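Take a look at the structure set out below.
Rule-based calculations on the coordinates, nothing more; no lab input. Remember, predicted model here, so these are calculated numbers, not experimental data. Ideal geometry is used to build each Cβ from the backbone, glycine not excepted, and the neighbour counts take in all protein chains shown.
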Amino acid sequence: MRIAAVGLTVLRMPLVRPFETSFGQMSARELILVEVEDASGARGWGECVADADPFYSSETTTTAWHVLEKYLVPAVLGRSFRTAADLPGTWTRVRGHQMAKAALEMAGWDLFARLANRPLCEMLGATARPIEAGVSIGIHPSVDALVDRVAEEKAAGYRRIKIKIKPGWDVAPVAAIRKRFGGIPLMVDANAAYTEDDAARLAELDQFNLMMIEQPLGYGDLVRHARLQTKLTTPICLDESLTSPDEAADALDIGACRIINIKPGRLGGFTSSIAVHDLARARGVPLWHGGMLETGIGRAHNLHLSALPGFTLPGDVAASRRYFIPDLIDPPIEVSPDGTIPVPPGPGIGVTPVPERVRAARTHSERYRA
Ligand code: OSB
Ligand code: MG
């Protein structure tokens with residue numbers, strides 16, 4: 001495939017309800033939609049998961065735009081590729097900026113799979129299968145409101161509940177959920193809100209038999225996570241800390257985590273995500289697919305990657321309507337009553353953005369030609 005043009009569009013989409021984590025509250029999602037076009041006019045799409053603010057990671061929509069426009073898009077424009085796996089080789093000089101890199105690589109994968117007339121999951125080495133879906137529930141104003149929300153999500157069929165925690169919102173909400181719903185598959189995500197001094201507090205969570213605690217400590221704290229894991233029976237899962245296959249290998253080598261969350265945006269794309277997948281699978285480490293409040297475009301990408309066999313735990317791959325009504329795609333991603341989501345069938349990611357909805361959400365747009 002020869003990349004003849006790349007389009008970048010900044011979109012701002014209101015969230016159905018605010019989403020609160022230890023790093024703050026979000027009421028809208030800002031994102032960059034990436035479109036790559038080959039000489040025949042075929043197109044592929046990707047979604048950059050960097051947010052307006054550098055709170056989950058250091059990247060923002062603005063930094064991603066800068067790096068895409070100045071470095072990544074020029075690296076691929078006018079060039080021919082045998083496979084989308086060769087795109088990252090053109091930008092090895094660019095350090096960091098994983099989300100910007102991932103968005104362009106993933107758009108390239110969609111185009112590559114469409115040109116081959118095959119579903120993306122097959123190009124990634126997977127076979128389509130129903131994907132087990134879990135939900136991520138934000139911090140709520142009260143424990144009662146949270147418990148009501150868990151009841152709704154359970155009724156929708158989701159196979160695992162994750163709640164966001166932070167100091168002062170941890171043991172009480174978990175205890176309330178266990179009391180009301182018994183031994184449901186339950187986990188917590190701290191988004192780096194604790195320090196090693198909180199080890200005793202975190203160990204109080206051990207009594208609740210959680211599947212895991214996600215990213216309790218800072219993003220650079222691999223050694224501290226390893227020390228913390230020796231004090232907890234609950235497995236630690238890393239999210240923010242792992243931005244490359246080497247970091248994932250280091251984390252496993254030193255015992256900083258027992259479970260890994262894969263997000264292609266955080267890891268710099270599918271090629272790097274597959275490397276982490278293969279590493280974790282070879283070592284018998286459970287994996288699941290994380291989420292970044294994606295629209296249907298990013299969500300479809302995530303479902304295709306989730307079909308790889310190493311994804312053994314339910315992922316944050318929920319229905320579009322939990323975040324956006326309407327979604328960018330039509331029909332939206334829906335969850336089945338059994339708590340699974342089908343991989344969208346058809347060539348590529350299997351879905352395309354609805355042009356009027358892109359126009360309605362667009363704040364800025366550019367097109368670059370070879
Ligand atoms: O830590 O997994 C996270 C959303 C935005 C940023 C970080 C995270 C999240 C979520 C939501 O937990 C996952 C989703 O449902 O998309
Ligand atoms: Mg997380």
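Things worth noting here:
- When +1 charges are put on Lys and Arg Cβ atoms and -1 charges on Asp and Glu Cβ atoms, the dipole computed for region 31-153 relative to its Cα centre reaches about 760 debye.
- Computed from the C-beta positions of Q207 and S336, the FRET efficiency with R₀ = 45 Å rounds to 0.85.
- The magnitude of the dipole of the chain, with charges of +1 and -1 set on the Cβ of Lys/Arg and Asp/Glu and taken from the Cα centre, is near 500 debye.
- Extension gain, R281-L15: 0.36 nm per intervening residue step, less the Cα-Cα distance, totals 92.3 nm.
- Only helices enter the 222 nm calculation for the chain: every DSSP H run of n ≥ 4 contributes -39,500 (n - 2.57), and dividing by all residues gives -8500 deg cm²/dmol, rounded to 500.
- FRET efficiency, 1/(1 + (r/R0)^6) with R0 41 Å, evaluated for R82 and R178 via beta carbons: 0.20
- For region 181-190, 3J(HN,Hα) computed residue by residue from phi via the Karplus equation (6.51, -1.76, 1.60; θ = phi - 60°) reads 10, x, x, 4, x, 9, 8, 10, 10, 8 Hz, glycine and proline entered as x.
- Contact order for region 109-169, expressed relative to its length and based on alpha carbon pairs under 8 Å spaced 6+ residues apart, stands at 32 percent.
- With both residues required to sit in the chain, DSSP beta bridges show an antiparallel share near 60%.
- Rounded to the nearest 10 degrees, the inclination of helix 296-306 to the longest alpha-carbon principal axis of the chain is 70 degrees.
- Loop-located GluC sites (Glu not before Pro) across region 305-370 with a Cβ neighbour count of 15 or fewer within 10 Å are E334, with loop assigned by DSSP.
- DSSP beta bridges in region 89-213 [antiparallel fraction, %, rounded to 5]: 10 percent
- Region 265-370, relative contact order [Cα under 8 Å, separation at least 6], %: 24 percent
- Of the trypsin sites (Lys or Arg not before Pro) in region 266-327, the ones in a loop by DSSP (not H, G, I, E or B) with at most 16 other beta carbons within 10 Å are R283.
- Across all directions, the average flat footprint of the convex hull enclosing the Cα atoms of the chain is 16.4 nm².
- Seen from every direction in turn and averaged, the convex hull around the alpha carbons of region 95-156 projects onto 7.4 nm².
- Summary value for the chain: 22 percent relative contact order, contacts being C-alpha pairs under 8 angstrom separated by 6+ residues.
- Placing a label point 7 Å from the Cα of T62 along the Cα-to-Cβ direction, the residues of region 352-370 whose backbone N falls under 17 Å from that point are 363-365.
- Region 59-170 - Rg (one decimal) and Dmax (whole number), Cα, Å: 20.1, 56
- Gained length - T233 relative to F55, 0.36 nm times residue gap less alpha-carbon distance: 61.2 nm
- Efficiency of FRET from Cβ geometry, F23 and D198, R₀ 22 Å, rounded to 0.05: 0.85
- Of the trypsin sites (Lys or Arg not before Pro) found in region 204-246, those in coil by DSSP whose Cβ has at most 16 other Cβ atoms within 10 Å are K231.
- Rounded to the nearest whole Hz, the Karplus-based 3J(HN,Hα) values (6.51 cos²θ - 1.76 cosθ + 1.60, θ = phi - 60°) of region 351-366 follow the sequence 9, 9, x, 7, x, 5, 6, 5, 4, 5, 9, 6, 10, 6, 8, 9, with x at glycine and proline.
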